[in-house]
Amino acid sequence: MTDKNFKEESNTIEYKKTLPKEANKWLKSIVSFSNTAGGELVIGIEDATLKVFGINEVRSVFEQKIMETIYHNIEPKPIIDIVFKNIQDKDIAIIQIAKGNEQPYYIKKQGVEEGCYIRYGSTDQKATNSQRTELMLSRKNENYTSKLYDEQGKLIKLSDVNIKDFLIDINKRVKTGKEISLSKLLEWHLLKKNFDETYVTNGLMLLLDNKFSQSHIRVGYFSGLTKTKIIDEITIKGSIISQYDEVMNVLLDKLKTDFKIGVIREQQYQVPEVALREIVANAIIHRNYLENEPIRMSLFDDRIEIFSPGTFFDGLQLKDVLSGISKLRNPNISEIFYHIGIIEKWGSGITRANEALEKESMYPLVFEVNSIHGVNVIIKFDKGNIKKVQSETVDEENYLLQKTIFTRKELEQDLNLTHDQARYLIEKWSDKGKITKRGGGPSTSYKVNN
């Protein structure tokens, strides 16, 4: 029998009907939760149906077996607790795993390169080289853009760069009324002192000369709705601030439509300028600069797609991002972009972009987060009376009033959602007791509760 108190598998929940004989099959979940945002591994519940099967061992024996297996096979030692519950006269074991403070965690026999996992959605994924490096930096309470810049084994001193002109130029653009000085650059870890010398960090080099081969933007123009026919492609290099300025000029020029006539003649674009600026800025300041690939922007007949290398930072999930929660991967770069007015307060960009799209009766942003290598954001050009449609059929509350049973695929099609957006709504409705899961696997459906 299914227990309604259990949620579907997610970034923080994993179910196992029984404890797999091959330990690595469940140890990697312990590792991935420790490396991401923590979570629970529940033994005795079938993942597809959430049916209660229970465990067939004495609690104390089972607990000892779990603890010994974990501590003999995972390094460093994860922070865990085991809780037993009796449901439907059957015992289940809930292994609670805290987000670790000694990352990266890994399975010893496999080694750190092969045995390091991160939680991605409801799956355990082998961490990439850049993700492992980011975990190692996190352990030291550091990030890549605050590390000292190393040019072929040589650290770059403050006296080796043209910091004077940089400060003059950047202060001309300041919108907060606060001067950006050398002391501020030190405070934000764009500069670092080592004994009596001051050195440049990766973050400052990105703002200055930007000698990083992967740190550029590639813009492609395509005919039609797919990438089969490319019209043109350009690469934008230079400091990340100049990249932002140039790519915005390029995109706005391509997206021009007509003028709005009023007191001031105002240029109009296929998408609201504020929405475009927010998404472009997010792609630059939140990308993982350890990933060896550029930001990619693709213009099609019906949309623009903006791909930023690197998954959401520090266990952040799509539902967190959509609700305005923000975790800064590159806080020192973000400080500069904030003070010169490219971004506003942390976590408000996505909300502001969606509000601008809604004001123009356009679809909200679509996020594709199915790749472990990055996040793709889509802005659709479609215009129409979206507000009216939403009030009649697309509003989530009205949707449930019109349905008795539905599948995830039907939800995606009915509301024009991505897989992740539909999953987010299903989890939200399940948490509130508005729907009940039926069946499992490909035949899974959801019954609307009256």
Run TYR363 past the list (1) farther than 21 Å from THR226 by Cα; (2) modelled with pLDDT of 85 or more; (3) touching a strand residue (DSSP E or B) at 6+ places or on another chain (Cβ under 8 Å); (4) surrounded by 15 or more Cβ atoms within 10 Å (Cβ to Cβ) and report the number of the one that doesn't hold. (1)
Segments classed as strands (runs of 3 or more DSSP E), wholly inside region 27-127, with at least 2 members that are under 21 Å from ASP314 (Cβ atoms), charged (D, E, K, R) and in contact with a helix residue (DSSP H, G or I) (Cβ under 9 Å, 6 or more places away or on another chain): 123-126
Give the residues of region 331-346 that are touching a Phe, Trp or Tyr at 6+ places or on another chain (Cβ under 7 Å) and either free of Cβ contacts under 8 Å to residues at least 40 places away in the same chain or part of a loop (DSSP other than H, G, I, E, B) (or both), sorted by residue number. ILE342, ILE343
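To keep it simple, each residue is scored yes or no on (1) touching a helix residue (DSSP H, G or I) at 6+ places or on another chain (Cβ under 7 Å); (2) charged (D, E, K, R); (3) assigned by TED's automatic domain parsing to the domain that holds GLY100; (4) assigned to a helix (DSSP H, G or I).
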position	(1), (2), (3), (4)
ASP165	no, yes, no, yes
ILE168	no, no, no, yes
ASN171	no, no, no, yes
THR176	yes, no, no, no
ILE180	yes, no, no, no
Is it the case, given these coordinates, that LEU401 is closer than 30 Å to THR257 by Cα and modelled with pLDDT under 80? no
When you look at LYS193, is it in the same structural domain as ILE306 (by TED's automatic domain parsing) and either of a type in the set (S, T, N, Q) or not in a helix (DSSP H, G or I) (or both), yes or no? no
Of ILE107, ILE92, which residue is farther than 20 Å from SER334 by Cβ, among the hydrophobic types (A, V, I, L, M, F, W, C), surrounded by 17 or more Cβ atoms within 10 Å (Cβ to Cβ) and more than 29 Å from the chain's Cα centre (by Cα)? ILE92
Would you mind stating whether LEU135 is outside the structural domain of HIS373 (by TED's automatic domain parsing) and either out of contact with any Leu (no Cβ under 9 Å at 6 or more places or on another chain) or outside any helix (DSSP H, G or I) (or both)? yes
How many of the residues in region 347-365 are touching a Gly at 6+ places or on another chain (Cβ under 7 Å), closer than 15 Å to LEU322 by Cα and outside any helix (DSSP H, G or I)? 2
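The values are calculated or read from the model by the stated rules, or taken from the named source; none is laboratory data. All figures in this text were calculated on a predicted structure; none of them were measured in a lab. Using ideal geometry, Cβ is built from the backbone for each residue, glycine included, and neighbour counts are taken over all protein chains shown.
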